[in-house]
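Heads up, the thing below is written out as structure tokens.
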Amino acid sequence: MPLTIHGIPASRAIRPLWAATELGLAFTHVPTPYLGGATRTPAFLSLNPNGHIPVLVDARPEGEVVVWESMACALYLARHHGQPDGASITPVNPSEDAEALRWSFWAVTECEADALTVLMHREAMPAERRKPELAQAAEKRLAVRLRVLEQHLAVQRAAGWAYLAAERFTVADLCVASVLNWARPARELMRAHPLTHDWIVRCVERPAHEAARALG
């Protein structure tokens, strides 16, 4: 197959796995965990010298393209393997493309570290290792960020649009929801931002996301 995705769903690799599944692409999945040294082998480091998953390898007629960084992988798939037909996750015009770019970078720079802290210290880590004070501080910072998203979703709703960039689900939603889904264990934060919570749930309950999560 021309596309290969290295990584596991329980990581940032969910982003390209989800994008490829949304697009109905045929791809080879190489389940590469981030623990145990799999990302430190010479073979893997030749693909990503940073030693991180995911890595996307696209065997194109003009030559192999290697992409790393999870958001870059998802945006690349939408741009170069999707159809701008107004039905898929691929942006159809510069406006939608701009929304996908700005919200994806916003999610990484403004939200990801705190969302991951919430996930780890509210749910994922063993109870004896959790530090509620770290989660509380992260939630306080996220509240500022989520007000921005809540306002945008309110404007979209008023215009009759259900998602970040358009009426339909696009790669913008995929990228941002993949980050903010980590913050859902912050129950009070979600209750304070109902449009955001509803939007996250609608995104992650999509069949393609469930199918990507089920990959080994």
Q | Hits in segment 101-151 - residues which are among the polar types (S, T, N, Q) and within 17 Å of Val176 (Cα to Cα) | A | Ser104, Thr109, Thr117, Gln151
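If you scan segment 195-214, which residues turn out to be surrounded by fewer than 17 Cβ atoms within 10 Å (Cβ to Cβ) and touching a residue at least 24 places away in the same chain (Cβ under 8 Å)?
Our first condition is that a residue be surrounded by fewer than 17 Cβ atoms within 10 Å (Cβ to Cβ); within segment 195-214, this holds for 195, 198, 201-202, 205, 207, 210-211, 213-214.
Those that are surrounded by fewer than 17 Cβ atoms within 10 Å (Cβ to Cβ) and touching a residue at least 24 places away in the same chain (Cβ under 8 Å): Leu195, Arg202, Ala211, Arg213, Ala214.
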Q | Matching entry among Ala137, Ala159 (being closer than 19 Å to Trp103 by Cα, among the small types (Gly, Ala, Ser) and open to solvent by 30 Å² or more (accessible area, probe 1.4 Å)) | A | Ala159
Q.
Pull out all pairs, ordered by first then second residue, where Cβ-Cβ is under 9 Å, the residues are six or more apart or on different chains, the first lies in segment 141-162 and is under 11 Å from Leu195 (Cβ atoms), and the second is modelled with pLDDT of 95 or more and exposed (fewer than 13 other Cβ atoms within 10 Å of the Cβ).
A. Glu150/Pro194; Gln156/Glu167
Q. With Ala38, Ala78 as the choices, which residue is touching a helix residue (DSSP H, G or I) at 6+ places or on another chain (Cβ under 7 Å) and closer than 30 Å to Met125 by Cβ?
A. Ala38
Q. Going by the structure shown, is Ala154 within 25 Å of Ala208 (Cβ to Cβ) and open to solvent by 40 Å² or more (accessible area, probe 1.4 Å)?
A. no
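Given the structure, is Glu188 in a helix (DSSP H, G or I), open to solvent by 70 Å² or more (accessible area, probe 1.4 Å), within 16 Å of Glu123 (Cβ to Cβ) and out of contact with any helix residue (DSSP H, G or I) (no Cβ under 6 Å at 6 or more places or on another chain)? Even if it seems obvious, please write down each step before you answer.
Details: in a helix (DSSP H, G or I): yes; open to solvent by 70 Å² or more (accessible area, probe 1.4 Å): yes; within 16 Å of Glu123 (Cβ to Cβ): yes; out of contact with any helix residue (DSSP H, G or I) (no Cβ under 6 Å at 6 or more places or on another chain): yes.
Here the answer is yes, as Glu188 does meet what is asked.
The values are calculated or read from the model by the stated rules, or taken from the named source; none is laboratory data. As the structure is a computational prediction, the values presented were derived from the model and not from experiment. In this analysis, Cβ positions are derived from the backbone assuming ideal geometry, glycine residues included, and neighbour counts consider all displayed protein chains. Only protein heavy atoms, including side chains, enter the accessible area calculation; ligands, DNA and RNA are left aside. Shrake-Rupley method; radii C 1.70, N 1.55, O 1.52, S 1.80 Å.
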